[in-house]
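*Asks:* Submitted below is the structure of interest, expressed as structure tokens.
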Amino acid sequence: MLIEPRDSADPLVRRLALEQHAEVAPLKGESHAAYRLRTGIEFMVGFVDVRPVGCGALQRIAPGVGEVRWMYVRPAYRGQGLSKLILAALEERACELGHHSLRLETGRLLTRAISLYRAAGFRAIPAYGEYAGNPESVCFEKPLLPLPA
């Protein structure tokens, strides 16, 4: 798989984001709100045989802290470890930006996503920011090692 950065205004990113939202909205319940594709969010898009198959995004939420958002792999490409590769690319970019930790939120019913994050070294934390008080949200954090000089 080839993974490359893309701008949040890229039509391909917008298409993948819409697909992701359409899939998770019913699973996250009435409390789910679509995240706006804002500037300052860095996307990584995965391609298999030049086909866009998935994406993930990184957003700074505090000094030294990034947030993983928009993780998505199209259904036909799941089960091949592609989400692990996209997540690893986001972690590498977070280190390049000087982040010492990553956080993320997912829905409590998204068991495959929860398994992915736990396997990647993320640990459950109390709901933070806009997710605090949302019973459908499960939040995670992972400390990052700095890149070698």
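Here, each number is a calculation from the coordinates, and none is a lab measurement. As the structure is a computational prediction, the values presented were derived from the model and not from experiment. Glycine gets a Cβ as well: all are built from the backbone with ideal geometry, and neighbour counts include every protein chain shown.
*Asks:* Work from the charge dipole of the chain (Cβ charges, +1 for Lys and Arg, -1 for Asp and Glu, about the Cα centre) and give the residue of Val73, Val13, Ile41 farthest towards its positive end.
*Replies:* Most positive-ward Cα: Val73.
*Asks:* Search the structure for amide H atoms under 5 Å from the amide H of Val45, placed 1.01 Å from N in the peptide plane, and list their residues when 5 or more places away or on another chain.
*Replies:* Amide H neighbours of Val45, under 5 Å, 5+ apart: Glu4, Arg6.
*Asks:* How far apart, in nm, are two points set 7 Å out from the Cα along the Cα-to-Cβ line at Ala76 and at Ala25?
*Replies:* 2.3
*Asks:* Can you give me the distance in nm between label points at Lys84 and Ala127, each placed 7 Å from the Cα along the Cα-to-Cβ direction?
*Replies:* 3.1
*Asks:* Please report the relative contact order for the chain, taking Cα pairs under 8 Å with a sequence separation of at least 6, and give it as a percent rounded to a whole number.
*Replies:* Taking the mean separation of contacting Cα pairs over the length of the chain, I get 20 percent.
*Asks:* I would also like to ask the following. Taking H placed 1.01 Å from N in the peptide plane, check which residues at least 5 places from Ile61 or on another chain put their amide H under 5 Å from its amide H.
*Replies:* Excluding prolines and chain starts, which carry no amide H, the hits are Gly66, Glu67.
*Asks:* If you don't mind, there's one more thing I want to ask. Rounded to the nearest 5, what % of DSSP beta bridges with both residues in the chain are antiparallel?
*Replies:* Given both bridge residues lie in the chain, the antiparallel proportion sits at roughly 90 percent.
*Asks:* For the range 2-143, just run the numbers: alpha carbon Rg, then divide by 2.2 N^0.38 Å, N being how many residues it has.
*Replies:* For the range 2-143, the normalised Cα radius of gyration comes out at 0.97.
*Asks:* While we're here: Within the chain, which DSSP H helices have Cα atoms that stretch 24 Å or more along the helix axis and a mean Kyte-Doolittle hydropathy of at least -1.0? Before the final figure, lay out each step's value.
*Replies:* Working: long enough: 11-28 (25 Å, -0.04).
Within the chain the helices that satisfy the rule are 11-28.
*Asks:* Next up: Please give the peptides 7-20, 103-116 ranked by average Cβ packing (other Cβ atoms within 10 Å per residue), highest first, as a rough proxy for protection.
*Replies:* The densest-packed peptide leads the list: 103-116, 7-20.
*Asks:* Another one. With each run of n ≥ 4 DSSP H residues scored as -39500 (n - 2.57), what mean residue ellipticity at 222 nm is computed for the chain after dividing by its residue count and rounding to the nearest 500 deg cm²/dmol?
*Replies:* That calculation yields -9000 deg cm²/dmol at 222 nm.
*Asks:* Ranked highest first by average number of other Cβ atoms within 10 Å, how do 72-79, 56-63, 43-50 line up?
*Replies:* Packing order, densest peptide first, comes out as 56-63, 43-50, 72-79.
*Asks:* What is the dipole size for the chain, taken about its Cα centre, with +1 at each Lys and Arg Cβ and -1 at each Asp and Glu Cβ, in debye to the nearest 20?
*Replies:* Here the chain has a charge dipole of around 240 debye.
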